[in-house]
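Only one structure is covered here, and it is reproduced in the block below.
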Amino acid sequence: MARKPNALDINLNMSLFEPGASNLPRKYGLPERVQFCNKCGVSNQRPNSAVEFQHTEKSEKKTINFDDSGVCDACRTAERKTAEIDWDEREAKLVALCDRFRSRNGSYDCLVPGSGGKDSFYQSWMLKYKYGMNPLTVTWAPNIYTDWGRHNFDAWIHSGMDNYLMTASGRSKRLLTRLAVENIFHAFQPFIIGQKCFAPKMALMFQIPLVFYGENEAEYGNPIDDNAEAQRSYDYFASSGEENMFLGGESVASLKADFGMSQADLTPYLPSDVEPLRKLGAEVHYLGYYLKWHPQAAYYFAVENGGFKASPERTAGTYSKYNSIDDKIDDFHYYTTYIKFGIGRATYDASQEVRSGDIAREEAVALIRRYDGEFPERWAEEIFEYLSIDEKSFPEAHKMFEHPIMDRAYFEALTNKFRSPHLWQHDGTDWSLRHRIEQI
Amino acid sequence: MRNLRLIPRLDVKMEWLIKGVQMEGWRKVGDPAEYAKAYADAGADELLFMDVVASLYERNSLHDIVSKVASVVFVPMTVGGGIRTVEDVSAMLACGADKVALNTAATRNPELITDVANRFGAQATVVSIEAIRDKGSWLAMTDNGRNHTGRNVIEWAKEAEERGAGELIITSIDREGLGHGYDLDLIRLVTEQVRIPIVSGGGLGTTDHLSDLIDKTQASAASVAQALHWKKLNMSDLRDTLNANDCFVRRLT
């Protein structure tokens, strides 16, 4: 297999990025016309959740649906939460579900994957202390814990939860993360894959058929009908074989043959087989289907009941301090979404808070314009070192990169490679988005 | 007899009185003017209004609320949030504020403190410091606890005093909105280092917390928010505590 070419050698066709240029190519199958939701401000370039094992550099995205009124599915989902859903009835269904699986002898009867953030705290607490279940919590460790992420994880466990923390080898995680950045500019992908696969595997190991996730991704833009189901499809975490399976945009076969990864290195990232899960009768439910989910309320709940701490500073690229704060690589994840889709972390945070009724759209627009796309300086050097494939740690994989070391210049060259001409322009000095949400 | 002022703090976002935890996750409480009037009528010595998103959004929307409150409330009002220039101060005082609280703009341009003090007097010049514990010391933050200033709280407090501030509001971000009590170490340390009055903020949840503040620090005032907004305590509870601790209590008319 050919080595990964040096991104610094790429000559971009800059005519495609000229201001005012027309008929511009689009990457990732994104919609041609950029629109911003009339209610929350999210852009129609937002991709839906995908099966990450099939994600390669050629993948095309399905994106969030906007209706004829210019309102996104996430907003319509939020409206349904307030106007249509009978939450008492849903809670009764939850009690019935718990009763169906409830342990009679104190053994674990449900599994709650989480990080110890506000949402998993709320989830496990409600199941244990309100609905009388015996949850086992499981955690796929972040790439690099923040101090406060680790504090919150500890606070969660010491609030009365048993936990298995899976910390995959730093070397395999680093290599897969580098490949994910190099191939698909998705620094968070190996984490997401590991996280999604881990809980069903633990369910099999402990023979616990009931797994609870938090809120459905439909709350953030997946098709509205996804939220009509309480259960998550097996497609996201189960598979029948390694053929056509990709991690970090690289085939499993190539990771073994070319990058020096062993089956053992890859095992934590590989999905469970479907059959044993079916045999166990595994059911993966969204707690958010049964209980009205409000991220800010979960924050309050975790602070009041478990000593959860907001981070001591706002997260790069946004204004908030309480949301998704465990992993130092998180800041880079949202920076890459800003480059690929024109959607940074402030957009994700602010549009969610508009839908929850916590801020007005006018405020969201101001926050998006101020913070979206801010470069994540605070841990940049640490992250670049993490993404560097040095010869000593990676004797085989090192040979597969023309430029194995990640530094600021290399990261910027990669950044430019992933800009879509229909979203980005370059005026000879600076890059800017062709379309920004307008202040009212 | 000691004088310790009771100052309900009203954080405002757009037209709403709101409340957060650790200066994050704002929840709507109600109409700020209604709450302000109720607290003043019930014995508040002063009121503190903060537009908590003014710096975040680079705006200031308190003028209407301050004008409205000033027409019905007759206790001194300190107003902060988004005050960036001497002209902003002038406009806020014209709306009925008695003092202005400077934070973000002052950390960027400390000369602003001097300018405001020279023009309007030290009695109208308050510096608000949002403090977060960092190992053995405290860092001064801005933008409602979101951004670092690179300043140490004690050093910044001393500089603010030297530049003409007549009062400091010291709010503990770690304890804000939790109701677990003030950061007494922080307040003690600041009061030992400066001579101007210190308003303690962030954490009052029970009357014992007020007694502790009186007992263990030289604070001149206590700011109170969530315990009042969520009706865990009322002004009468706090006034009784002052009485019990031999502090002066203003008579209600």
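Structural remarks
- Qualifying residue in region A:352-375 (condition: in contact with a strand residue (DSSP E or B) (Cβ under 9 Å, 6 or more places away or on another chain), hydroxyl-bearing (Ser, Thr, Tyr) and part of a helix (DSSP H, G or I)): no
- Restricting attention to region B:19-71, the residues that are under 18 Å from residue B:105 (Cβ atoms), among the charged types (D, E, K, R) and surrounded by fewer than 24 Cβ atoms within 10 Å (Cβ to Cβ) total 2.
- Out of A:354, A:365, sole residue that is farther than 20 Å from residue A:412 by Cβ and within 11 Å of chain B (Cβ to nearest Cβ): A:365
- Test set (1) at the interface with chain B (Cβ under 10 Å from one of its Cβ atoms); (2) at pLDDT below 95 - residue A:306 fails condition number: (1)
- Cross-chain or 6+ apart pairs with Cβ under 8 Å, region B:166-186 first and under 29 Å from residue B:121 (Cα atoms) and within 14 Å of another protein chain (Cβ to nearest Cβ), then of a type in the set (S, T, N, Q) and in a loop (DSSP other than H, G, I, E, B): B:173/B:22
- If the condition is being of a type in the set (Lys, Arg), in contact (Cβ under 8 Å) with a residue 40 or more places away in the chain and within 11 Å of another protein chain (Cβ to nearest Cβ), then region B:1-53 contributes B:13, B:19.
- When each of A:272, A:320 is tested for being more than 9 Å from chain B (Cβ to nearest Cβ) and of a type in the set (Ser, Thr, Tyr), the lone residue that passes is A:272.
- Test: residue in region A:392-400 that is in contact with a His (Cβ under 6 Å, 6 or more places away or on another chain), touching a residue at least 40 places away in the same chain (Cβ under 8 Å) and either part of a helix (DSSP H, G or I) or crowded, with 21+ Cβ neighbours inside 10 Å (or both): no
- So residue B:74, is it buried (at least 24 other Cβ atoms within 10 Å of the Cβ) and at pLDDT 90 or above: no
- Which numbered condition residue A:347 misses (of (1) of a type in the set (S, T, N, Q); (2) more than 18 Å from residue A:179 (Cα to Cα); (3) surrounded by fewer than 24 Cβ atoms within 10 Å (Cβ to Cβ)): (3)
- Per-region count, region A:303-335, residues touching a Ser or Thr at 6+ places or on another chain (Cβ under 8 Å), part of a loop (DSSP other than H, G, I, E, B) and among the small types (Gly, Ala, Ser): 3
The values are calculated or read from the model by the stated rules, or taken from the named source; none is laboratory data. In this text the structure is predicted, and so the values were computed from the model without any measurement. Reconstructed Cβ throughout: ideal geometry from the backbone, glycine too, with neighbour counts over all protein chains shown.
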